[in-house]
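Following: one structure in structure tokens, then a few remarks.
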Amino acid sequence: MKAKKPKIKSRERRGKELLIVESPTKAHTIESLLGGRMAVLSSRGHITDLPKSRLGVDIEKGFEPHFIRIVGKAKVINELKEAAAKADTVYLGCDPDREGEAIAYSVAHEITGNGSKSPFIRRVLFYEITRKGIEEAFRQPQDIDIQKVYSHRARRVLDRLVGYLVSPLLSRIVKRGLSAGRVQTVALRLVVEREREIQKFQPQEYWTVKAVFAKESGETFEALLVRLDESEPKLTSAADVEKVKEGCAQADFRINSVKSRERHRRPLPPFVTATMQQDAAQRLGFPARKTMRHAQELFEGIKLADETVGLITYPRTDSFRVSEEMVSACRELIAQRFGSDYLPPAPRHYPDRKGTQGAHEAIRPTRLELTPDSVKKFLSPDQYRLYDLIYRRFLASQMADSIYELTEVMVGGGAYEFRAEAVKCRFEGFEKLYGDRQTEKVLPELKEGERVKMDSLLPEQKWTQPPPRYTEATLIKRLETNGIGRPSTYATIVSTLFDRKYVERREGKLVPTELGMVVNDVLVPRFANVFEVKFTREMEKELDLIEEGKEQWQQVVSRLYQPLREDLDRVEADIDQLKSELQQVLDEKCPECGASLVERWGRFGKFVSCSRYPECKFVKKPEPKVLEQNCPMCGKPLIERTGKYGTFQGCSGYPECKYRVKKPATVLAVLEEKCPKCGKPLAEKHGRFGKFVACSGYPECKYIKRAKKTLRILEEKCPLCGKPLAERKSRFGLFVGCSGYPECDYIRRGEGKRKRKSETADESSQNGRDEEDL
């Protein structure tokens, strides 16, 4: 069944205007830039979705989805309907991608279905939140792109079918609360397969040989052995090296050749979503989710001294395209700041990869006069670091090449030939602003035919290395190059693997947990079609074809569902056997009935119990790890236990002695903001309950900054300082306070009562199993 297109009138008319966007921050920024020209409201994300308590897809009726109002969105929807009823023109300015189009469609459906008035609805696309970007959007209003809506619908239904049909089987076979996902499980497969490659890898011994040569003047230089009897040397043992030593001792060495050449290094293109996440991870240490959060904040708007403006263009893009106007402005700035030598003769244009959607520009600053240093005081330290990275990368993409002089010297004697190299930077080009300069190497002046003497030989034993584990950056790059996922989903895919405890981070690398490997081994062999890299890549192409109007979304979903259904039926028939295969019989006997003990998977992970369960319900408790330290209160040994919040150290005499070792919170970053109590810098920390901001002077100063999330700015003014009041959210619920906090800490009493149950949707909430809910 096709989605009904919202009623959209065919001609424009002037009158009261209303703009609806999806984010409160974006709404506030646009409203300030419009200067009161029209009212701006926010839907606060999606207002409808598939129900969490059931599948919500009628497979028999052409995979028709059943979208409902999201719990807690009744008040927002009513507010939008009331405002739309008073407007003659309603503009929908949600993000310019499939997700934004789906939000715009659901909003249009709600406000045109109230029966009282059908407003004139137009879709506007904001690629940057600036006056210029907003004016361009309103100059080219359009209809809702129903093909984008269908493409989003197909992805949503596919994720729901895979998530809600496969996850219950996974929970029954391994343990409760596990999830599978159309893309999530493919990403897990990549991590697990890389780990298996590392485990199977057998290191092989090899040797490299360097020699130190000396000129008659006494100057020395190093060279690497690169030829042995006219072929590449393959030294696999100390005996091979010994033969080289003996041969070199008898050889007479001369300079065979001296060759110099120039090498140009071209700048990298401006950021797209994947490369921004990769560079932010490598240079700033940001996880993908953190990068996207700060990028969204920079896009939606930052309050500067006299204006609120979006500092970067839309951060979810896969295109390197940049407007000619911005390219010209960039080249002009480079000439002013660095001189004409740093400007290439012609503007640089970077071709997009095959399959790029290309609807958005690359990620770039919206206004070049807003340099990172000029806006630094208005940004958080992490926002500044990301904006600085985006700004410098964009400027560097239009700068001249860096130029290096490379000199290669070949030293020969007998059957042996060594190579020495010199590297010198002739012109730094774009590397003056961005990038890592190549390390320079210097050689003495050498001429062809010149005799040199070997002073010493420097053999080094080495071992071949296994393929490296993925980092967040390299996994996202692998997903991108294989066409898996889209710019808007990369961060969610990786963070879901962490949330589900399938993957953990060790020294910056992604390592699959035992649970992750078990889940992979259960799913991948039995759903080979669905969780295969090539299949997932083809499905992404199918979604693009739906958006282009070349495919029907129901047909695409049907093609996936048929093999999925066959696999589901096959696994369902073998579920008892699969459960038994995961159980490992141990040599130990049950102390209660004498039967063998088995290792099983349960709700809280792996445990050991009696094989005769449920007749015998014996469960073996894990032995606590005894530590070398003694309890300072009673003198008994300390032990390591596992509790609700992970491992901790406590007294072995519990419950008589309740001593517990308190773990200090981990300092993630020291901030520029000062503690209001003692004046020391505040620090971002990670403790027992997650991230928080507190004084770096702890334990002398125990100040903790309480987070208060601003939901929307109100029209009323603060009676103390005159600034606008804001609706905020803290750990105690909703409240109304001054937007000037912490300078003004006014709070209106009696606000923020819990919403009545009648205001929420009629669907109960539970943990979702598909990627969208995660």
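The values are calculated or read from the model by the stated rules, or taken from the named source; none is laboratory data. These figures come from a predicted structure and were not determined experimentally. Glycine also receives a Cβ, built like all others from the backbone with ideal geometry; neighbour counts cover every protein chain displayed. Each accessible area value is taken on the protein alone, full model and side chains, heavy atoms only, with ligands, DNA and RNA left out. Shrake-Rupley method; radii C 1.70, N 1.55, O 1.52, S 1.80 Å.
Only protein atoms count toward the accessible area here, which uses a 1.4 Å probe; on the range 22-65, the carbon and sulfur part of that area reaches 49 percent. For the range 101-232, taking the reciprocal of the average inverse distance between every pair of different Cα atoms yields a Kirkwood hydrodynamic radius of 22.7 Å. When Cα extents along the principal axes in Å is computed from the coordinates, the matching label among (1) 94, 70, 53; (2) 100, 85, 64; (3) 99, 64, 59 is (2). Could you please state how large a percent of the accessible area of the range 544-626 is carbon and sulfur, counting protein chains only and using a 1.4 Å probe? Using a 1.4 Å probe with all protein chains present, the range 544-626 comes out at 47 percent carbon and sulfur.
Given a 1.4 Å probe, how much area per residue of the chain is accessible, in Å²? If you can, show how the numbers build up before the last one.
Details: 40710 Å² over 774 residues.
On a per-residue basis, the chain sits at 53 Å².
Each label point was placed 7 Å from the Cα along the Cα-to-Cβ direction; for Tyr206 and Arg748 their separation is 7.2 nm. Loop-located trypsin sites (Lys or Arg not before Pro) in the range 60-93 (DSSP state other than H, G, I, E, B) with a sparse environment of at most 16 neighbouring Cβ atoms within 10 Å: Lys86. Evaluating 6.51 cos²θ - 1.76 cosθ + 1.60 at θ = phi - 60° for every residue in the range 80-89, the Karplus couplings come out as 5, 5, 5, 5, 5, 5, 9, 9, 8, 9 Hz, glycine and proline recorded as x. Subtracting the Cα-Cα distance of Ala85 and Ser53 from 0.36 nm times their residue separation leaves 8.2 nm of extension gain. With every protein chain in place and a 1.4 angstrom probe, the accessible-area ranking of Trp601, Trp553, largest first, reads Trp601, Trp553. Pairs of Lys residues in the range 134-289, spaced 8 or more positions apart or belonging to different chains, with C-alpha separations under 24 angstrom: 9 in total. Take the cross-link list Lys509/Lys677; Lys606/Lys691; Lys132/Lys290; Lys432/Lys702 and give me the ones stretching past 32 Å between alpha-carbons. Long pairs (Cα-Cα over 32 Å): Lys509/Lys677; Lys432/Lys702. Apply 1/(1 + (r/R0)^6) to the Cβ-Cβ distance of Leu714 and Arg293, taking R0 = 30 Å, and write down the FRET efficiency to the nearest 0.05. According to the calculation, E is roughly 0.75. Charged neighbours of Met633, selected by a Cβ distance under 11 Å, balance to +2 (K, R count +1; D, E count -1). Would you be so kind as to identify which of Val162, Ile173, Val183 lies farthest towards the positive end of the dipole of the range 100-186, taking Lys and Arg as +1 and Asp and Glu as -1 on Cβ and the Cα centre as origin? The listed residue farthest towards the positive side: Ile173.
Restricting the range 189-251 to GluC sites (Glu not before Pro) that sit in a DSSP loop and have at most 15 other Cβ atoms within 10 Å of their own Cβ leaves Glu216, Glu219, Glu230.
The heavy atoms of Glu428 present about 50 square angstrom of accessible area, all protein chains included, probe 1.4 Å. Here the gap between Ser237 and Gln199, fully extended at 0.36 nm per residue and compared with their Cα-Cα distance, gives a gain of 11.3 nm.
For the range 438-454, the residues whose backbone nitrogen is under 19 Å from a point 7 Å from the Cα of His264, taken along Cα to Cβ, are 438.
Site pair Cys678 and Lys662 shows an inter-label distance of 1.3 nm when each label is modelled 7 Å from Cα along Cα→Cβ.
Accessible surface comparison of Thr185, Thr48, probe 1.4 Å, protein chains only, largest first: the order is Thr48, Thr185. Using a 1.4 Å probe over the heavy atoms of the protein chains, calculate the carbon and sulfur portion of the accessible area of the range 440-499 as a whole percent. So the carbon and sulfur contribution to the accessible surface is 49 percent.
Taking 0.36 nm per residue of separation and subtracting the current Cα-Cα distance, fully stretching the chain between Arg353 and Gln552 would add 69.1 nm. Taking a sphere under 10 Å around the Cβ of Pro287 and counting the other residues whose Cβ falls inside, with K and R at +1 and D and E at -1, yields a net charge of +3. A simple spin-label model places the labels of Lys620 and Arg559 5.2 nm from each other, with each point 7 Å out along Cα-to-Cβ. A simple count of charges around Val124, restricted to other residues whose Cβ falls under 10 Å of its Cβ and scoring Lys, Arg +1 and Asp, Glu -1, yields +2. Summarising the amide proton neighbourhood of Val226: residues at separation of 5 or more, or on other chains, whose placed amide H is nearer than 5 Å comprise Glu417, Phe418, Arg419.
Here's how it looks for Ile121: its modeled amide H is under 5 Å from those of Lys9, Val90, which are all 5 or more places away or on a different chain.
Loop-located GluC sites (Glu not before Pro) in the range 305-403 (DSSP state not H, G, I, E or B) with no more than 15 neighbouring Cβ atoms inside 10 Å: Glu307, Glu369. By a 1.4 Å probe calculation restricted to protein chains, Glu548 has an accessible surface near 110 Å², given to the nearest 10. Sorting Arg419, Arg176 by accessible area puts them as Arg176, Arg419; the probe is 1.4 Å, largest comes first, and only protein heavy atoms count.
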